[in-house]
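Student: There's a structure below that I have some questions on.
The values are calculated or read from the model by the stated rules, or taken from the named source; none is laboratory data. The shown structure was predicted, so the numbers you read here are calculated from the model rather than taken from an experiment. Here the Cβ is made from the backbone with ideal geometry for all residues, glycine too, and neighbour counts use every protein chain on show. Quick note on the areas: whole protein, heavy atoms, side chains included, nothing else; ligands and nucleic acids left out. Shrake-Rupley method; radii C 1.70, N 1.55, O 1.52, S 1.80 Å.
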Amino acid sequence: MSPTIWDGFIALSEELAKRTASEAALRSAISRAYYGIFNHARLYYTSVTGKELRSNDGRIHEKLWDWYKENSNRDLRRIGSRATAFRIWRNSADYDKKYKGNLRGNAEFAPKQARELRDWIPMK
Amino acid sequence: MTDLIELTRGSRTNARPQTVSGLSNSNLPTGIVTLSVPSSRFEPSDYFCVYVATSWAPANDDDTPHGYSVLGKAEVAEFLTTHPPMKALLEEAVPAIDRAFGRASIKRLERFRFTDESGGECVLLTIATEKNYEEAMHALSSLEDAWWLDRVCEFGSLLCIQVECE
């Protein structure tokens, strides 16, 4: 799929984050932003390694971010570290009955964070 | 001695762990919390209720590293026992965090289990700061450059750092 789709996820996240009266919208803002950066990062991983991480691979999130965190390139390690924190937000947003943390703040920061991380991923 | 804590709506400062530490030090099993505006409608961001409902306790013995508030101390201690180098890593993190975020920053530890399809678990280190988003991200970059990026290859699957800012 085209990277523009994943940018669309991030743009959608920004719209959802403005709907502050809706907990579902705020949680979705976090989730969409996470998947925006996750898929950008996955495309880069594939372009470098020649390998596909498939969604039916049970540990896809862990494997992807571990590859970044263990990379010799410090910038990629930074992406992996921050994305792992982002993954924690997304886990709580999508699975927890009560969101752990500052939902409104995290929803507002999520699209910003996703754009920053996307911009740090080298062009290939 | 009874701890009576008054939380004012929207005041995140009052919700910080040091306030709740007072609760955990009490001889009473529960604390009494009064809300200054009981009829207020609380927003999702008014998350101090979480702190009150749980048992943050300062790490003050040899099971967990010094300088942190710990949620679920036994669970964190068990994780650190399974991964012995983690305790020294967390102790060396404290001055690095203080240099990047200032000594007023609050450092919390908890054990986190991922519930997504990948699963896994880690220790989550949350740095709570009064800085705004841009300042906090700048401080995080400083911490990463000065310390964390040299450790993340080895410990990145065991420790996750997140920032909670204004």
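Student: In segment A:1-25, which residues are open to solvent by less than 70 Å² (accessible area, probe 1.4 Å) and touching a Phe, Trp or Tyr at 6+ places or on another chain (Cβ under 8 Å)?
Tutor: Passing the criteria: A:Trp6, A:Phe9.
The rows are residues; the columns are (1) open to solvent by 60 Å² or more (accessible area, probe 1.4 Å); (2) basic (Lys, Arg); (3) more than 7 Å from chain B (Cβ to nearest Cβ); (4) more than 16 Å from the chain's Cα centre (by Cα).
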site: A:Ala33; (1), (2), (3), (4): no, no, yes, no
site: A:His40; (1), (2), (3), (4): no, no, yes, no
site: A:Lys51; (1), (2), (3), (4): yes, yes, yes, yes
site: A:Asn71; (1), (2), (3), (4): no, no, yes, yes
site: A:Ala83; (1), (2), (3), (4): no, no, yes, no
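Student: Can you pull out every residue in segment B:95-109 that is crowded, with 17+ Cβ neighbours inside 10 Å and among the aliphatic types (A, V, I, L, M)?
Tutor: Restricting attention to segment B:95-109, the residues satisfying the condition of being crowded, with 17+ Cβ neighbours inside 10 Å are B:97, B:100-101, B:105-109.
B:Ile97, B:Ala100, B:Ile106, B:Leu109 - these are the residues of segment B:95-109 that are crowded, with 17+ Cβ neighbours inside 10 Å and among the aliphatic types (A, V, I, L, M).
Student: Would you confirm whether or not segment A:51-64 contains a residue that is aliphatic (A, V, I, L, M), over 17 Å from A:Phe9 (Cβ atoms) and not in a helix (DSSP H, G or I)? Please lay out each step first, then the result.
Tutor: Applying the first criterion (aliphatic (A, V, I, L, M)) to segment A:51-64 yields A:53, A:60, A:64.
Now narrow it down to the ones that are over 17 Å from A:Phe9 (Cβ atoms): A:53.
Filter once more, so that each one left must be not in a helix (DSSP H, G or I): A:53.
The answer is yes; a qualifying residue exists.
Student: Could you say which residue among A:Arg77, A:Arg104 is in contact with an Asp or Glu (Cβ under 7 Å, 6 or more places away or on another chain) and assigned to a helix (DSSP H, G or I)?
Tutor: Numbers: A:Arg77 fails: in contact with an Asp or Glu (Cβ under 7 Å, 6 or more places away or on another chain).
Of A:Arg77, A:Arg104, the one residue that is in contact with an Asp or Glu (Cβ under 7 Å, 6 or more places away or on another chain) and assigned to a helix (DSSP H, G or I) is A:Arg104.
Student: Now for a different question. Could you check segment B:110-148 and list, in sequence order, the residues that are within 19 Å of the chain's Cα centre (by Cα), open to solvent by 60 Å² or more (accessible area, probe 1.4 Å) and at the interface with another protein chain (Cβ under 10 Å from one of its Cβ atoms)?
Tutor: Within segment B:110-148, B:Arg113 is the sole residue that qualifies.
Student: Mind listing just one residue for me: the one in segment B:113-129 that is at pLDDT 95 or above and assigned to a strand (DSSP E or B) and, of those, nearest to B:Leu158 (Cα to Cα)?
Tutor: Step one: of segment B:113-129, the residues at pLDDT 95 or above are B:122-129.
From the residues that got through so far, the ones that are assigned to a strand (DSSP E or B) too are B:122-128.
Details: B:Cys122: 5, B:Val123: 6, B:Leu124: 9, B:Leu125: 11, B:Thr126: 14, B:Ile127: 17, B:Ala128: 20 Å.
The selected residue is B:Cys122.
Student: Check whether at least one residue in segment B:90-99 is at pLDDT 95 or above, over 17 Å from the mean Cα position of the chain (by Cα) and assigned to a helix (DSSP H, G or I), and report yes or no. Talk me through it step by step, then tell me what you get.
Tutor: Keep residues of segment B:90-99 that are at pLDDT 95 or above, which gives B:90-99.
Next cut, over 17 Å from the mean Cα position of the chain (by Cα) only: B:99.
Narrowing the set further to residues that are assigned to a helix (DSSP H, G or I) leaves B:99.
Yes, segment B:90-99 contains at least one residue that is at pLDDT 95 or above, over 17 Å from the mean Cα position of the chain (by Cα) and assigned to a helix (DSSP H, G or I).
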